[in-house]
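Visitor: Structure in structure tokens, see below.
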Amino acid sequence: MIVVPEAFALERIRKSGDAGRRWITALPGLVERLCERWEVGLIEGDPLYGDLALVALGQRGGEPCVLKVSWQEHSTLEEAVALRAWNGRGAVRLLEASPDDGALLLETLDPVRSLKDIDLLPAAEVAGALIRRLAVPAPPGLPLLADLAEQVAVVVPRRQAAMGNPLPRRWIDLAVGLARDLAAAAGAALVHADLHYGNVLAGTREPWVAVDPRAITGDPERSVPELMWWRLDEADRAADMRNVLDALVAAGDLDPDKAKAWTIVRAVDYWLWGLGAGLTEDPLRCRRLLETLA
């Protein structure tokens, strides 16, 4: 039986109330049943965790593996669909999946070494190359980037008005126009829509491997924005930000106009969302990006 880390339990209960409490209470029993079903023996030690998932290290047939169980807010089904399509190509290898339980069994990577640990420009080059490798034909049933872009075009001005117009009007208009253009020209590639430096871990089968995909169907350039703002504090000057964008585009053989456009659209959208959520640092990062790129 695992022991759910107290910090993970308290945060989930704080965010999700009684439903979160019931999930946390049931989690040890769920993990035990999954281990029996998939013939996994857990390795002694405290489980790891993120915002939405608990991760337990184990072994199956003498090989190391990772059992990941996610809160219902995360779409395990879409994650499993994407991982099967990639089949270990630039992404963590999927061994088993039980979407109804929010559970995946995955190959083991190095949980303490990610692209956050290497210099920014080399990290951007690795990430850009991964964007290109992950851009395989999308399997059916995933959310469409065209729909998401149209949704942004509608939500951004509404949110801006509801919050008392905190952003310059020119940036709102620019983001809406670009979002509609991007929706009209959206492609059909499988896209990791949460590809930041912390979601690329060191592996043994491959040097760097993407994890925790939010899978959508569209253009690979949609993966760029998170990589632009995640380590923005290390890009002191406007030229440094442009160099990071250029490195991502070159390594990923991406369309530079689409990469820039998606960065602008997401910066405006995330800035407004962050203000509404009470964030302080991320809206400032979005402002810096827009001052440089828009």
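Visitor: Test ALA175 against the criterion of being over 15 Å from the mean Cα position of the chain (by Cα) and among the aliphatic types (A, V, I, L, M), and give yes or no. It would help to see each step written out before you state the result.
Guide: Numbers: over 15 Å from the mean Cα position of the chain (by Cα): yes; among the aliphatic types (A, V, I, L, M): yes.
So ALA175 fits the description; yes.
Visitor: Working carefully through the options ARG169, ARG237, ARG205, ARG214, find the one that is charged (D, E, K, R) and within 18 Å of VAL268 (Cα to Cα).
Guide: ARG169
Visitor: Give me a count of the residues in region 47-74 that are closer than 22 Å to ILE13 by Cβ and either of a type in the set (D, E, K, R) or out of contact with any strand residue (DSSP E or B) (no Cβ under 6 Å at 6 or more places or on another chain) (or both).
Guide: The number of residues fulfilling the criteria is 8.
Visitor: Here's another thing I want to ask about it. Can we say ALA82 is on the phi < 0 side of the Ramachandran plot, touching a residue at least 40 places away in the same chain (Cβ under 8 Å), crowded, with 18+ Cβ neighbours inside 10 Å and not acidic (Asp, Glu)?
Guide: In short, yes.
Visitor: For region 143-151, indicate whether the set of residues that are assigned by TED's automatic domain parsing to the domain that holds LEU254, part of a loop (DSSP other than H, G, I, E, B) and over 21 Å from VAL249 (Cα atoms) is non-empty.
Guide: Yes.
Visitor: Within region 34-54, take every residue that is surrounded by 14 or more Cβ atoms within 10 Å (Cβ to Cβ) and not hydrophobic (A, V, I, L, M, F, W, C) and give me the one that is farthest from the chain's Cα centre (by Cα).
Guide: Across region 34-54, the extreme among qualifying residues is PRO47.
Conditions (1) touching a strand residue (DSSP E or B) at 6+ places or on another chain (Cβ under 6 Å); (2) assigned to a helix (DSSP H, G or I); (3) modelled with pLDDT of 95 or more, marked per residue:
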residue: MET1; (1), (2), (3): no, no, no
residue: ALA9; (1), (2), (3): no, yes, yes
residue: LYS15; (1), (2), (3): no, yes, no
residue: ASP18; (1), (2), (3): no, yes, yes
residue: ARG22; (1), (2), (3): no, yes, yes
residue: ALA26; (1), (2), (3): no, yes, yes
residue: GLU32; (1), (2), (3): no, yes, yes
residue: GLU36; (1), (2), (3): no, yes, yes
residue: GLU44; (1), (2), (3): no, no, no
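Visitor: Additional query: Assuming GLU206 fulfils every condition listed in (1) among the charged types (D, E, K, R); (2) assigned to a helix (DSSP H, G or I); (3) within 22 Å of SER114 (Cα to Cα) apart from one, which condition is it?
Guide: GLU206 satisfies every listed condition except (2).
Visitor: Still on this structure: Whether any residue in region 224-244 is in a helix (DSSP H, G or I), within 27 Å of LEU109 (Cβ to Cβ) and of a type in the set (Phe, Trp, Tyr) is what I want to check. Spell out how you get there, then give the answer.
Guide: Step one: list which residues in region 224-244 are in a helix (DSSP H, G or I), which gives 224-229, 232-234, 238-244.
Then drop every residue that is not within 27 Å of LEU109 (Cβ to Cβ), which leaves 224-229, 232-234, 244.
Filter once more, keeping what is of a type in the set (Phe, Trp, Tyr): 229.
Yes; the residues of region 224-244 include at least one that is in a helix (DSSP H, G or I), within 27 Å of LEU109 (Cβ to Cβ) and of a type in the set (Phe, Trp, Tyr).
Visitor: Would you check which residues across region 34-46 are under 26 Å from LYS15 (Cα atoms) and in contact (Cβ under 8 Å) with a residue 60 or more places away in the chain and list them?
Guide: Once the filter is applied, which keeps residues that are under 26 Å from LYS15 (Cα atoms) and in contact (Cβ under 8 Å) with a residue 60 or more places away in the chain, region 34-46 yields only LEU34.
Visitor: Being at pLDDT 95 or above, of a type in the set (Val, Ile, Thr) and either within 13 Å of LEU178 (Cα to Cα) or surrounded by fewer than 17 Cβ atoms within 10 Å (Cβ to Cβ) (or both) is true for just one of VAL265, VAL249. Which residue is that? I'd like the intermediate steps shown before the answer.
Guide: Values: VAL249 fails: either within 13 Å of LEU178 (Cα to Cα) or surrounded by fewer than 17 Cβ atoms within 10 Å (Cβ to Cβ) (or both).
Of the residues listed, the single one that is at pLDDT 95 or above, of a type in the set (Val, Ile, Thr) and either within 13 Å of LEU178 (Cα to Cα) or surrounded by fewer than 17 Cβ atoms within 10 Å (Cβ to Cβ) (or both) is VAL265.
Visitor: For region 102-124, state whether one or more residues are of a type in the set (Ser, Thr, Tyr), crowded, with 16+ Cβ neighbours inside 10 Å and touching a strand residue (DSSP E or B) at 6+ places or on another chain (Cβ under 7 Å).
Guide: Taking region 102-124 and keeping what is of a type in the set (Ser, Thr, Tyr), we get 108, 114.
The next check asks that each one be crowded, with 16+ Cβ neighbours inside 10 Å; those that pass are 108, 114.
Keeping just the survivors that are touching a strand residue (DSSP E or B) at 6+ places or on another chain (Cβ under 7 Å) gives 108, 114.
Yes; the residues of region 102-124 include at least one that is of a type in the set (Ser, Thr, Tyr), crowded, with 16+ Cβ neighbours inside 10 Å and touching a strand residue (DSSP E or B) at 6+ places or on another chain (Cβ under 7 Å).
Visitor: A further question on this structure: What about LEU95, is it within 16 Å of PRO213 (Cα to Cα) and under 17 Å from the mean Cα position of the chain (by Cα)? Spell out how you get there, then give the answer.
Guide: Working: within 16 Å of PRO213 (Cα to Cα): yes; under 17 Å from the mean Cα position of the chain (by Cα): no.
No; evaluated as a whole, the condition is false for this residue.
The values are calculated or read from the model by the stated rules, or taken from the named source; none is laboratory data. Everything numeric in this text was worked out from a predicted model, so none of it was measured. No Cβ is skipped: glycine too gets one built from the backbone with ideal geometry, and neighbour counts run over all protein chains shown.
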